[in-house]
Amino acid sequence: MIFQSKDFHIILSENKDIKEILEVYNSNEKFLINHMDTNKITSEWVLRELENMRAIGFCSYKIVDISMGKIIGFIDFKVDNETYLSLLMIHSDFQGRGIGKLIFQELEEYVKSLKSKCIRLDVVTNYDNSALKFWVNNGFVKSKDLKLNWSGKVLPAITMKKFL
């Protein structure tokens, strides 16, 4: 386990978790349509994505609800002086309950304990304004505009940073 709250464990994802991770992705249909022009992905795509992320130094962690023993989300990041948060996704059935904020706060404390000075993330700007608002409300500021290539699709985005 990498870190936890009273309700959630954050544990390194394994190949045996693919089915539940796939369920989290596919519950976020609007995200998939905007980012990949599809409303469903396959377990093969998830496996490739996890392998690609590992190859560039990112780790993917499952978010497990302790009371249910069920994966309800995942978080991908790479800890460094500037920690790069690639993705935080919560199953659509559990969104709007403050889980994302709680998980981010735990991540922030974790990377501070490892002496990271900043957290960076990229936010797609043509997607969902609530995502941008979420990160601003959690202390992030815009750093620069960029084009983000996500699974072969180029998306308008901004880099945001939070100094710790």
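For this structure, a couple of remarks:
- Applying the set (1) among the basic types (Lys, Arg); (2) within 27 Å of residue 18 (Cα to Cα); (3) more than 13 Å from the chain's Cα centre (by Cα) to residue 147 leaves exactly one unmet item: (2).
- Residue count for region 73-86, restricted to those that are surrounded by fewer than 18 Cβ atoms within 10 Å (Cβ to Cβ) and within 8 Å of the chain's Cα centre (by Cα): 1.
- Members of region 39-70 found to be part of a strand (DSSP E or B) and surrounded by fewer than 16 Cβ atoms within 10 Å (Cβ to Cβ), listed by number: 70
- Subset tally (residues that are in a loop (DSSP other than H, G, I, E, B) and not β-branched (Val, Ile, Thr)) for region 2-38: 7
- Among residues of region 1-38, those that are crowded, with 16+ Cβ neighbours inside 10 Å, under 14 Å from the mean Cα position of the chain (by Cα) and more than 22 Å from residue 149 (Cα to Cα), counted: 3
- Hits in region 101-133 (condition: under 24 Å from residue 71 (Cα atoms), out of contact with any helix residue (DSSP H, G or I) (no Cβ under 7 Å at 6 or more places or on another chain) and not acidic (Asp, Glu)): 101, 102, 103, 104, 105, 107, 110, 111, 130, 131
- Within region 1-22, residues that are on the phi < 0 side of the Ramachandran plot sit with their Cβ atoms under 6 Å from residues that are of a type in the set (S, T, N, Q) and in a helix (DSSP H, G or I), at 6+ positions apart or across chains, in these pairs: 18/43; 22/43.
- Of all residues in region 85-108, those satisfying the criterion of being of a type outside the set (Val, Ile, Thr), closer than 20 Å to residue 26 by Cα and in a helix (DSSP H, G or I) are 92, 93, 94, 100.
- Hits in region 107-160 - residues which are closer than 19 Å to residue 77 by Cα, surrounded by 16 or more Cβ atoms within 10 Å (Cβ to Cβ) and touching a residue at least 60 places away in the same chain (Cβ under 8 Å): 107, 110, 124
- Pairs are defined by a Cβ separation below 6 Å, a sequence spacing of at least 6 or placement on different chains, a first member in region 77-95 that is under 21 Å from residue 46 (Cα atoms), and a second member that is assigned to a loop (DSSP other than H, G, I, E, B); the pairs so defined are 78/57; 78/58; 86/58; 92/28.
- Counting only residues that are under 26 Å from residue 92 (Cβ atoms) and outside any strand (DSSP E or B), region 110-155 holds 19 of them.
Read-outs throughout are calculated quantities, based only on the coordinates presented, and are distinct from any laboratory measurement. Just so it is clear, the model here is predicted, and its values are computed rather than measured. Virtual Cβ from ideal backbone geometry, glycine too; neighbours counted across all protein chains shown.
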